[in-house]
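Dumping the structure here so I can ask a few things about it.
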Amino acid sequence: MCGILAVFGCADNSQAKRSRIIELSRRLQHRGPDWSGLHCYDDCYLAHQRLAIVDPTSGDQPLYNEDKTVVVTVNGEIYNHKELREKLKNHQFRTGSDCEVIAHLYEEYGEDFVHMLDGMFSFVLLDTRDKSFIAARDAIGITPLYMGWGLDGSVWFASEMKALSDDCERFVSFLPGHIYSSKQGALRRWYNPPWYLEQIPSTPYDPPLLRTAFEKASVLKWIENWKKKDSDRKKEGYTSLERSNIIYCIHIPKAVLKRLMTDVPFGVLLSGGLDSSLVAAVASRYLVESKVACQWGSQLHTFCIGLKGSPDLKAAREVADYLGTRHHEFYFTVQEGLDALEEVIYHIETYDVTTIRASTPMFLMSRKIKSLGVKMVLSGEGSDEIFGGYLYFHKAPNKEEFHQETCRKIKALHLYDCLRANKSTSAWGVEARVPFLDKEFINTAMNIDPEWKMVRPDLGRIEKWILRNAFDDDKKPYLPKHILYRQKEQFSDGVGYSWIDGLKDHANKHVSDSMLMNASFVYPENTPTTKEGYYYRTIFEKFFPKNAARSTVPGGPSIACSTAKAVEWDASWSKNLDPSGRAALGVHADAYEEADTKPVNLLNGSPQELQESVAKTATVA
């Protein structure tokens, strides 16, 4: 990951302003500790803090077209940059950076090229010929981007809001899958997949096709057919479905393998759960064939963190032994996690409870990983949103609501798991890549009839059954059966159940009943309803006191990471609002005791009820 900052239309373009831009850009230096760059043109500034992953020697930014009239600052990776260069043979490239194609694509196609990019990215581009500019963010929001406005009429963009919060009157999270054009003065959506409208798909479940979309295993059996014409395959008796699968296998991007594009040491975050274990299994299986094996060896490095004796540490060690990876096991104590909370909240820029719970161990692990010289990791985020893997999906009343909830979850990833995975690792100059959020893989998985994703105990189907089944290969197993069918464990739970319990105990010592009872007056927007939430909010407000900052954080009730809409699936959930998977009573194997889930009695009622009472009294008066 890198850090980008861009400012357009400053009233002041003096040396002092340049110094201020450099100062603000340095707030992002943790994201890109390898080099800094700044391009100034009249009242426009594009700054960059680089984490060198691809072409470390010549890929410093900002990047340019041939005559330097087009300038771009980019955070991210473009996995198909070599294919795009083939379309740009009449252009002269200055570096080996995967991101340089953006400047040339703009020169060739104007603003309508973002859909051609396969990767994770946030970028800002300046055309000095007319001083127009564009900004864009990847389809799902894997990389962060914020947009702000100054009192002098300036427009700002930055990877993290800490670079905007002091100088912008207002700032917002830039919407994923969108592009901003200064010519139009507005955002427009460039990413328009079929699932976005939440229409219910009807494509039958095809296990080999799903597996192929994630890696290249089933491509092998079709390899002899690659050069054949489709008409020849028809003569040889292939069905239309088989022929379409062959064609699909030829062109489909391999979600895991393409993310091995790196010129630096890398590894996999392995919790021992289904998703990270599949990423590790696929990467390990095909690493020997990849280019990076020649440079960094064919034994995969894997990393796990937890409290001693935690479920994740045990499962991850077993997976690592099975796959033969070089496994690195890190431990932390509850106190070490508590001591890191302020730093974590400063870096991840949220007060969302479940995000902070999970970000803290990931933040601590990333520091350890960086100390080993590793700069890039693969991670398993996104699978639970795509396949309905959270335990509350057990209560989905029908396939329509199941599918619509997965759509809502994917659309909100940039505010939760993508934010956590990116900022927790970037805090230490480590880049996290997420194969499950590959555009083509999402399209494949979200086009499956959701009836197949439903939890069906009568048919032996647990959460994410279709993914587990797709990789259930008795001839050449990817994982041990009990790992492949291990119950969903949220990361903040899996690192050790006493972690969340310790957080709650710590918050109880710092937040009194009266503080929580009056929370709606102190924090009228997104009012915290628990002492843990209140405690995080006080830390957040210390670093980011502006209303614009608190408005970037989502709110609403949640059960086991659900959206507010899904809370309606079970009437009892409204009395048991906790984002932990253990709040899914009757589903999680180690669920909370029922007494632990009862809401705190706030003397005269909840903060919301008290606020409404005071408002009613004021109205009468």
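The values are calculated or read from the model by the stated rules, or taken from the named source; none is laboratory data. Keep in mind the model is a prediction, meaning the values are calculated, not measured. Heads up, the Cβs are rebuilt from the backbone with ideal geometry, glycines too, and the neighbour counts pull from every protein chain shown. Just so you know, the surface numbers come from the protein's heavy atoms only, side chains and all, with ligands and any DNA or RNA stripped out. Shrake-Rupley method; radii C 1.70, N 1.55, O 1.52, S 1.80 Å.
State the number of residues belonging to segment 113-140 that are without any contact (Cβ under 8 Å) to a residue 12 or more places away in the chain and either open to solvent by 10 Å² or more (accessible area, probe 1.4 Å) or over 25 Å from the mean Cα position of the chain (by Cα) (or both). Before you say what the answer is, go through the steps one by one.
Kept after step one, since they are without any contact (Cβ under 8 Å) to a residue 12 or more places away in the chain, are these residues of segment 113-140: 113, 130.
Going one step further and asking which of them are either open to solvent by 10 Å² or more (accessible area, probe 1.4 Å) or over 25 Å from the mean Cα position of the chain (by Cα) (or both), we end up with 130.
Number satisfying all stated conditions: 1.
Further, regarding this structure: Within segment 146-175, how many residues turn out to be of a type in the set (G, A, S), part of a loop (DSSP other than H, G, I, E, B) and buried (at least 24 other Cβ atoms within 10 Å of the Cβ)? Before the answer, list the steps.
First, pick out the residues of segment 146-175 that are of a type in the set (G, A, S): 148, 150, 153-154, 158-159, 163, 165, 173.
From the residues that got through so far, the ones that are part of a loop (DSSP other than H, G, I, E, B) too are 150, 153-154, 159, 165.
Those still in the list that are buried (at least 24 other Cβ atoms within 10 Å of the Cβ) too: 159.
Total meeting the criteria: 1.
Would you point out which residue out of A52, A11, A6 is closer than 25 Å to F93 by Cα, modelled with pLDDT under 95 and among the small types (G, A, S)? Walk me through it before giving the result.
On the way: A11 fails: closer than 25 Å to F93 by Cα; A6 fails: modelled with pLDDT under 95.
Answer to the selection: A52.
It is to be established whether one or more residues within segment 528-536 are crowded, with 18+ Cβ neighbours inside 10 Å, modelled with pLDDT of 95 or more, touching a helix residue (DSSP H, G or I) at 6+ places or on another chain (Cβ under 6 Å) and assigned to a loop (DSSP other than H, G, I, E, B).
Yes; the residues of segment 528-536 include at least one that is crowded, with 18+ Cβ neighbours inside 10 Å, modelled with pLDDT of 95 or more, touching a helix residue (DSSP H, G or I) at 6+ places or on another chain (Cβ under 6 Å) and assigned to a loop (DSSP other than H, G, I, E, B).
Only one of these is surrounded by 15 or more Cβ atoms within 10 Å (Cβ to Cβ), in a helix (DSSP H, G or I) and at pLDDT 95 or above: S520, S514. Name it.
Exactly one residue qualifies, and that residue is S520.
For the structure I just gave you, tell me whether V54 is within 28 Å of V377 (Cβ to Cβ) and outside any loop (DSSP other than H, G, I, E, B).
Taking the combined requirement at face value, the residue does not satisfy it.
Output the number of residues of segment 293-311 satisfying the condition of being of a type outside the set (V, I, T), buried (at least 24 other Cβ atoms within 10 Å of the Cβ) and in contact with a Ser or Thr (Cβ under 8 Å, 6 or more places away or on another chain). Can you show your working first?
So in segment 293-311, the residues of a type outside the set (V, I, T) come out as 293-301, 303-304, 306-311.
So of that shortlist, the ones also buried (at least 24 other Cβ atoms within 10 Å of the Cβ) come out as 300, 303-304, 306, 310.
Among the residues that remain, those that are also in contact with a Ser or Thr (Cβ under 8 Å, 6 or more places away or on another chain) are: 300, 304.
Result for segment 293-311: 2.
Still on this structure, please answer the following. Are there any pairs with C-beta distances below 9 angstrom linking a residue in segment 45-61 that is over 17 Å from F123 (Cα atoms) to a residue that is surrounded by fewer than 22 Cβ atoms within 10 Å (Cβ to Cβ) and among the aliphatic types (A, V, I, L, M), with the two at least 6 apart or on different chains, and if so which?
Partner pairs satisfying both residue conditions: P56/V264.
Give me the pairs, please: first residue somewhere in segment 541-561 and over 15 Å from L577 (Cα atoms), second residue anywhere and in a loop (DSSP other than H, G, I, E, B) and of a type in the set (V, I, T), beta-carbon distance under 6 Å, and either six or more positions apart or on two chains.
V553/T350
Which is aromatic (F, W, Y), open to solvent by 10 Å² or more (accessible area, probe 1.4 Å) and part of a helix (DSSP H, G or I), of Y351, Y346?
Details: Y351 fails: part of a helix (DSSP H, G or I).
Being aromatic (F, W, Y), open to solvent by 10 Å² or more (accessible area, probe 1.4 Å) and part of a helix (DSSP H, G or I) holds for just one of Y351, Y346, which is Y346.
Quick check on segment 456-506: of everything there that is among the hydrophobic types (A, V, I, L, M, F, W, C) and open to solvent by 20 Å² or more (accessible area, probe 1.4 Å), which residue is modelled with the lowest pLDDT? Can you show your working first?
We begin by selecting, within segment 456-506, every residue among the hydrophobic types (A, V, I, L, M, F, W, C); these are 459, 462, 465-467, 470-471, 479, 483-484, 491, 495, 499-500, 503.
Still in the list and also open to solvent by 20 Å² or more (accessible area, probe 1.4 Å): 459, 462, 465, 491.
Values: L459: 94, I462: 95, W465: 97, F491: 61.
Taking the candidates together, the pick is F491.
Restricting to segment 68-85, and then to whatever is at pLDDT 95 or above and open to solvent by 30 Å² or more (accessible area, probe 1.4 Å), can you tell me which residue is farthest from the chain's Cα centre (by Cα)?
Taking the candidates together, the pick is K68.
Shifting gears a bit: Right, K423: out of contact with any Leu (no Cβ under 7 Å at 6 or more places or on another chain) and more than 18 Å from D275 (Cα to Cα) or not? Steps first, please.
Details: out of contact with any Leu (no Cβ under 7 Å at 6 or more places or on another chain): yes; more than 18 Å from D275 (Cα to Cα): yes.
Yes; evaluated as a whole, the condition is true for this residue.
Here's a follow-up. Could you name every one of the helices (runs of 4 or more DSSP H) located completely within segment 374-433 that has at least 3 residues being open to solvent by 10 Å² or more (accessible area, probe 1.4 Å)?
Numbers: elements: 383-387, 399-411, 417-426.
Helices (runs of 4 or more DSSP H) meeting the threshold: 399-411, 417-426.
Right, another one. If I go through segment 381-411 residue by residue, how many of them are at pLDDT below 95 and either touching a His at 6+ places or on another chain (Cβ under 9 Å) or more than 18 Å from I462 (Cα to Cα) (or both)?
Result for segment 381-411: 1.
On to the next question. Scan segment 359-373 for residues that are open to solvent by 10 Å² or more (accessible area, probe 1.4 Å) and either within 29 Å of G556 (Cα to Cα) or in contact with a helix residue (DSSP H, G or I) (Cβ under 8 Å, 6 or more places away or on another chain) (or both) and report the count. Please lay out each step first, then the result.
Initial filter on segment 359-373 (open to solvent by 10 Å² or more (accessible area, probe 1.4 Å)): 364, 367-368, 370-373.
Next, only the ones that are either within 29 Å of G556 (Cα to Cα) or in contact with a helix residue (DSSP H, G or I) (Cβ under 8 Å, 6 or more places away or on another chain) (or both) stay: 364.
Residues that pass the stated criteria total 1.
Still on this structure, please answer the following. Tell me the residue from I179, I200 that is open to solvent by 30 Å² or more (accessible area, probe 1.4 Å) and either aliphatic (A, V, I, L, M) or under 19 Å from the mean Cα position of the chain (by Cα) (or both), please. Please lay out each step first, then the result.
Details: I179 fails: open to solvent by 30 Å² or more (accessible area, probe 1.4 Å).
Result: I200 is the single residue among I179, I200 that is open to solvent by 30 Å² or more (accessible area, probe 1.4 Å) and either aliphatic (A, V, I, L, M) or under 19 Å from the mean Cα position of the chain (by Cα) (or both).
Of the conditions (1) crowded, with 24+ Cβ neighbours inside 10 Å; (2) touching a Cys at 6+ places or on another chain (Cβ under 7 Å), T143 satisfies every one except a single condition; which number is it?
If we test T143 against (1) crowded, with 24+ Cβ neighbours inside 10 Å; (2) touching a Cys at 6+ places or on another chain (Cβ under 7 Å), just (2) comes out false.
In this structure, does K89 turn out to be in a helix (DSSP H, G or I), at negative phi, at pLDDT below 95 and open to solvent by 60 Å² or more (accessible area, probe 1.4 Å)?
Numbers: in a helix (DSSP H, G or I): no; at negative phi: yes; at pLDDT below 95: yes; open to solvent by 60 Å² or more (accessible area, probe 1.4 Å): yes.
The answer is no for K89.
Please specify each residue of segment 92-133 satisfying the condition of being of a type in the set (S, T, N, Q), outside any strand (DSSP E or B) and within 24 Å of K258 (Cα to Cα). Walk me through it before giving the result.
Going through segment 92-133, the residues of a type in the set (S, T, N, Q) turn out to be 92, 95, 97, 122, 128, 132.
When the remaining residues are screened for being outside any strand (DSSP E or B), the result is 92, 95, 97, 128.
T95, S97, listed by residue number.
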